[in-house]
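Single-structure report; data block below.
The values are calculated or read from the model by the stated rules, or taken from the named source; none is laboratory data. All values derive from a computational prediction rather than experimental measurement. Every residue, glycine among them, receives a Cβ derived from its backbone with ideal geometry; neighbour counts consider all protein chains shown. For accessibility, only protein heavy atoms count, side chains too; no ligands or nucleic acids. Shrake-Rupley method; radii C 1.70, N 1.55, O 1.52, S 1.80 Å.
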Amino acid sequence: MGFRFQRRITLAPGIRLNLSKRGLGLSVGPRGASLSVGQSGVHGHAGIPGTGLAYRQKLNTRNRGASSSSGGTVGSSPAAALDALLADGEQLPVQLEIEAEGSIQYFHGDGTPMSDDEARVLRRHARESLREQLAHHCERLNADLDRLGQLHEETPHPGKNGYASQAFTDAPPSPPQHQQPAWWHVLWPPAKRRIAQENRRRQAAFEEAYRDWEWCKAEHDAAEFARQHREAEEVWHDTDAMEQTLRERLEEIEWPRETAIDFDLGSDVSTIAVDIELPGEDEMPDRYWTMPAKQVKLTPRELSDTRQRKLYRDHVHGIAFRVLGAVFARLPAVQEARISGYRQITDPATGGERDQYLFSVKVTRTQWGKIHFDKLDQVDPVAAMEAFTLRRDMTKTGIFRDIEPFMLV
């Protein structure tokens, strides 16, 4: 049905439920030391924080019994060197990668994979720190999963029209510190001239940086003024202004996945039709995560089919709820919105892909205003859609069948 639309917005995801993404960080020991493993061997790094002073010492070589740069004998394996370093209280930046089944892969701070022996050494020395980091990550994963069914809770009140301009937050450059000539510079003019030249150079650099800052601030203020004027005046009658305003508002929402939205405004700008490309059920996460007692790992717990379908049902209706919220809050001229959601499925008759519409809802501004936006945590997005003019063929267990969406007249 996308051919009937003239505009499309592709929204980038704001959160990602990607369990293989590296990003956990851990430091064991005092700040200022680290360790890395590479082809040239194991190297320890240490320094005095804030001073710029540091040293680097090779802890092992390829030949057993080789000497370090300080002349001492070191162990022959990276695991032994790691054990010695951690036993001395040194710091170790670590990257963790969580596999789909919950096991942990360990990497040094520079991204080099740890051997099994090194991982065992790390767990022995830093079990509690690792478990603390994993517990926080487990909470984030589960919170992101729960949020899939709670998208509607951040929907703005339809009376929040207009735009509050944002101040320019970049600080201006600091004035330069000019060198002051000493008393003896009077007796040595070349030295005095060098100081004057350096002061002029610093002043010129400052003035150029300040002009750049003023230019950036002026561009920012002009853009904010233009947006404020557009959302206060032009959005009432100008379709281009309405399109840009809706696009900006939808792009500010944290979408769990890339979402494509097609829309078209009616001839009198009082109506809008929106098609939302929804995720398939197989794109939804299918597990919660827990931490076994005393172990350094995460354990997945598969969601039941009923729980998965409920999560999917709440998620797709929540997307429609958020889009309706953006339309009525940012486009005050719109009095009726028609929102339809579809997903790509395989057609058993042809084996090709086709659009399957799951729901299509027609909502007036008056109807939308009856929702208690101060109690959205108590609102069921599925039930909310049923209070409007709705086309949907869904079983009690969340199985959808094809429907024909509302068309923009």
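Some notes on this structure:
- Residue in region 104-122 that is closer than 30 Å to residue 311 by Cα and open to solvent by 40 Å² or more (accessible area, probe 1.4 Å) present: yes
- Taking every residue in region 300-318 that is among the aromatic types (Phe, Trp, Tyr) and modelled with pLDDT of 90 or more and pairing it with any residue that is surrounded by 13 or more Cβ atoms within 10 Å (Cβ to Cβ) and part of a helix (DSSP H, G or I), at least 6 positions away or on another chain, the pairs with Cβ-Cβ distances below 7 Å are 312/281.
- Pairs where the first residue, in region 112-137, is without any contact (Cβ under 8 Å) to a residue 60 or more places away in the chain and the second is assigned to a helix (DSSP H, G or I), C-beta under 6 Å, 6+ apart: 117/79; 121/79; 121/82; 121/83
- Listing of strands (runs of 3 or more DSSP E) fully contained in region 241-322 that carry 1 or more residues being more than 22 Å from residue 140 (Cα to Cα) and open to solvent by less than 40 Å² (accessible area, probe 1.4 Å): 259-265, 271-277
- Residues of region 330-349 that are free of Cβ contacts under 8 Å to residues at least 60 places away in the same chain and within 30 Å of residue 161 (Cβ to Cβ): none at all.
- Residue among 393, 347, 355 that is under 19 Å from residue 260 (Cα atoms), acidic (Asp, Glu) and either touching a strand residue (DSSP E or B) at 6+ places or on another chain (Cβ under 9 Å) or buried (at least 20 other Cβ atoms within 10 Å of the Cβ) (or both): 355
- Any hit, region 257-270, residues being under 30 Å from residue 169 (Cα atoms) and under 28 Å from the mean Cα position of the chain (by Cα): yes
- Test for residue 359: is it modelled with pLDDT of 95 or more, closer than 28 Å to residue 289 by Cβ and touching a Leu at 6+ places or on another chain (Cβ under 8 Å): no
- Residue identified as outside the structural domain of residue 366 (by the TED database), surrounded by 15 or more Cβ atoms within 10 Å (Cβ to Cβ) and under 30 Å from residue 329 (Cα atoms) among 131, 147, 202: 147
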